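Presented below is the structure to which this report refers.
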Amino acid sequence: MAQDLQRLAVRRGRQLALSPCWGRDAPSALFDRNSGDYWIVGEAARYIVGALLDASAAPGVARDISIAELSTFPWSDEEIMAVGTELVASGILESKSCPPDASGRHR
Amino acid sequence: MDIRLRIPPFNVRLQSPFDDVARHVQRHYGSCEALPLGSFIDFHVRLVPGQGLHRIWRPQARFLVDDQNPFIPLPAAQAAPMFEWGLNWTVASRSLGYAVLHAAVLAQGDDAIILPGFPGAGKSTLCASLCLLEGWRLFSDELAILDPDTGNLLPHPRPINLKNRSIDIVSQFRGASLGPRFHDTRKGTVAHVGVPDASMRLADRPGRPRWLVFPRYEEGAATQVEEIPHAEAFALIQQQSFNKERMGDVGFDALCSMLSNVRCYSTVYGSTKGGIEGIHRIVGSSH
C-alpha cells in the first residue's frame, strides 16, 4: 500500500475536527463529527490532517494533497508516507493515486 | 406529594404517593427553592405504584419521566433510591445544551476539580471526604455538567449516594447527615448523605475547571500521584461522557476546551486519608 500512496484525502463520509495542540510533541485528539469516532494521533498525523483540513477549507483548491507537498521539515517523505499509510489503514484518510503523464511518470 | 423544586440548574416537578419519597425529599431537598405553579419545568418526574397485582402484592414502584417509563419496576421499599437513580439518568440523557460526564465535581472557591467515575475509583467516598472533612464545595457526586458556551461547570448539589462499606466509612465523618439504609438493592445496601448547607447556598454559582483527576482505590496502597498528558485524559474522560453522541462536535469542542484549561492527573490511594493527601498534592502543586 505504501508504494501506491501518492495523494491523501479525508476519507469520504468523514468530517474531521482536531483538538487544540496540547504542547510540543504532545499527542492530539481527532474527532469525526459524522460518526462520533475519535482517535489519539501524534504530531506528524496532526500535521497531515491539519494540512488536509486547511486545503478543503480553501475554495477552488484540490481537496487532496500529494506526499511530496506534505513532506516538510522535520518529517521526511518516508515518515510522511508511513504516517499517511497508518491513517489510511485506520480509515481516517484515503489514498488517491494519480494517472501517469505522457512520459509514463506519475505526478 | 406534588412539588416543583429548583434543583440547580434544573426545575423539577415530582409527584409521588410514597411516604418514603416524601421523607427523603424533605430531608435532602428541604432547602431547595419551591417553584410557583406555572414555572417552566425541565423534568416532570412521577414515582407511581406497580401495575396490577404489584400494587398490593410485592408492591413495586415505577419511575416515569415526562410520562415515559424508562426502567423496570423496583420494590416499593426502594422508591427513594429509585428517585435518585432515575433523576441521575434523566439529567444524563435529557439535559439540553450541556455536556454531562459521569464524574464527581467539587470546588475550592470557584476552582473545580473533576473526579471521573470509573469502577473502583472510590469516587463517592472520596467526594464525601473532600466535602465533609476538607470543606470543599459540593457540585455533584455523580454528574459533571459542563456548559459549552462558557466552559463553566454548573453545580447540581444532591445527596451523595453511598453503598455498602462506604456507608460505614462516611457515617463516621463529622457533620455527615446520613439518611436511612436501603437494603437488597441492585447495588447492595445504599444510603444518602445530605449536601452541606454551604454548598446548597452557593448552588447557582458556577466553577471553572482546574483539575481533572482519575482516582483509583487500592486498599492499603501508598498514595501515588502522576500528571498525565491531555490526550490520554481525553481518551479516558470521553468514555465517561453520557451524551457525547447527541452533543456531537459541540461536545467535542467543549471537552477539548476544558482539557486545555486543566491539569490532568491519575492518583492511587489506599485510605480516606491517602485520598485526601493525593488531592492536596495535586492542588498544592498548582499554586
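Since every read-out is calculated from the coordinates, none of them should be taken as a lab result. On a predicted model such as this, the values are computed, not experimentally measured, just so you know. Don't worry about glycine lacking a Cβ; one is built from the backbone with ideal geometry, like all the others, and counts go over all protein chains shown.
Toward the positive end of the charge dipole of the stretch B:182-287, with +1 on the Cβ of Lys and Arg and -1 on the Cβ of Asp and Glu, the farthest Cα among B:240, B:192, B:230 is that of B:192.
When only Cα pairs below 8 angstrom with a gap of at least 6 residues are kept, chain B shows a relative contact order of 17 percent.
Working note: Karplus 6.51/-1.76/1.60 with θ = phi - 60° gives the stretch A:38-52 the couplings 9, 9, 9, 10, x, 5, 5, 5, 4, 4, 4, 4, x, 5, 5 Hz, where Gly and Pro are set to x.
The string of couplings for the stretch B:138-147 from the Karplus curve (6.51, -1.76, 1.60, θ = phi - 60°) is 7, 8, 5, 8, 9, 10, 8, 10, 9, 8 Hz, one whole number per residue in order, with x for Gly and Pro. Between the residues A:90, B:254, A:66, the greatest Cα displacement towards the positive end of the dipole of the protein assembly as shown, with unit charges on the Cβ of Lys, Arg, Asp and Glu, is found for B:254.
Just to confirm my numbers, what's the Cα centroid distance between the stretch B:65-118 and the stretch B:157-232 in Å? The distance from the Cα centre of the stretch B:65-118 to that of the stretch B:157-232 comes to 14 Å.
In a reduced charge model with +1 at each Lys and Arg Cβ and -1 at each Asp and Glu Cβ, the stretch B:239-278 shows a dipole moment near 140 debye about its Cα centre.
Each Lys or Arg adds one and each Asp or Glu subtracts one; over the other residues with Cβ under 10 Å from the Cβ of residue B:207, this totals +2. When DSSP beta bridges are restricted to pairs lying wholly in the protein assembly as shown, around 80% turn out antiparallel. Here the convex hull built on the C-alpha positions of the stretch B:207-287 has a volume of 106 cubic angstrom per residue.
If only the Cβ of Lys and Arg carry +1 and only the Cβ of Asp and Glu carry -1, the dipole of the protein assembly as shown around its Cα centre is close to 1300 debye. Shape analysis of the stretch B:24-88 yields a ratio of the Cα radius of gyration to the Kirkwood radius, Rg/Rh, of 1.02. Counting charges near residue A:93 (Lys, Arg +1; Asp, Glu -1) among other residues having Cβ under 12 Å from its Cβ returns a value of +2. Positive contributions from Lys and Arg (+1) and negative ones from Asp and Glu (-1), summed over other residues with Cβ under 14 Å from the Cβ of residue B:12, come out at +1. Cα axis of helix B:123-133 to longest principal axis of chain B: angle in degrees, 0 to 90, nearest 10? The angle comes out at about 80 degrees. Peptide B:20-29 is shielded by partner chain Cβ atoms: per residue, an average of 0 of them sit within 10 Å of its Cβ. In the calculated pair distance distribution of the protein assembly as shown, what percentage of Cα-Cα distances lie above 31 Å? The share of Cα pairs beyond 31 Å in the protein assembly as shown comes to 47 percent. Rounded to the nearest 20, the Cβ-based charge dipole of the stretch B:20-60 about its Cα centre (Lys and Arg +1, Asp and Glu -1) stands at 280 debye.
For residue B:139, the residues whose modelled amide H falls within less than 5 Å of its own, excluding neighbours fewer than 5 places apart on the same chain, are B:105, B:106, B:107.
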